[in-house]
Amino acid sequence: MTRFDFAPLYRTAIGFERLARLADASLAASEAPSYPPYNIEKTGDDAYRLTMAVAGFKPADLDVVVKDNTLVVSGRVGSETPHGEVLHRGIAARAFERRFALADHIVVDGATLENGLLSVGLKRVVPESLKPRRIEIGTTPAQPQPQQIANDPQATSVAA
C-alpha cells in the first residue's frame, strides 16, 4: 500500500490532520473488497445519492448510520431461507460493512430499499452562520471641525 508523507504539510499548516486521515482512508478503501457494489451520483448542486445493490436483504437486515462525518452502511444475513433448501447460492447474502467519508455539512436526507437497491439521499446543508454574507460598507459621519474664535480686540478690552 502506498502511503503519503504529510510531514512537510504539518510544518507549515495547522488543522489539516483530517485531510491526511481522509487520504489514508481513501487508499485503504481502494484496496478493500468491493461487496456490495454501489454507485455515487450527484443529483443537484448540493445533492447526492448513494445506490447500493443489496439483493436478498430486507430493510430489517440493513443499518444506515452517520457518526463523525462517516456514513456506515451495514447488512447482516437473515437467518431464514425463503423457500426451503438452497441448492445453489448465486446471490451473495453475506454480512458487509461499507464506510463513506462525508464532507462537512453533508446530511442524510433519507433511505429507501426498492427492487434490491438501497438508495441513500445526501445533501449539503450549510448553516446560515457559515454562509457568505455581504457586509454593507458604511461611512462615518463627518467630524465637526472645531470652531476657532477670532481675536476680537473689543473682547480683550472689556476686562480693562
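The values are calculated or read from the model by the stated rules, or taken from the named source; none is laboratory data. In this text the structure is predicted, and so the values were computed from the model without any measurement. Glycine gets a Cβ as well: all are built from the backbone with ideal geometry, and neighbour counts include every protein chain shown.
A few notes on this one:
- Count - residues of the stretch 100-116 that are touching a residue at least 40 places away in the same chain (Cβ under 8 Å) and either exposed (fewer than 15 other Cβ atoms within 10 Å of the Cβ) or outside any strand (DSSP E or B) (or both): 3
- Qualifying residue in the stretch 76-90 (condition: of a type in the set (S, T, N, Q) and not in a loop (DSSP other than H, G, I, E, B)): no
- Within the stretch 92-135, the residues that satisfy the criterion of being basic (Lys, Arg) and under 16 Å from the mean Cα position of the chain (by Cα) are 99, 123, 124, 131.
- Among the residues of the stretch 108-144, those identified as of a type in the set (Ser, Thr, Tyr) and over 16 Å from residue 74 (Cα atoms) are 129, 139, 140.
- Any hit, the stretch 75-95, residues being within 30 Å of residue 127 (Cβ to Cβ) and modelled with pLDDT of 90 or more: no
- The lone criterion from (1) farther than 28 Å from residue 24 by Cα; (2) in contact (Cβ under 8 Å) with a residue 24 or more places away in the chain; (3) exposed (fewer than 15 other Cβ atoms within 10 Å of the Cβ) left unmet by residue 132 is number (2).
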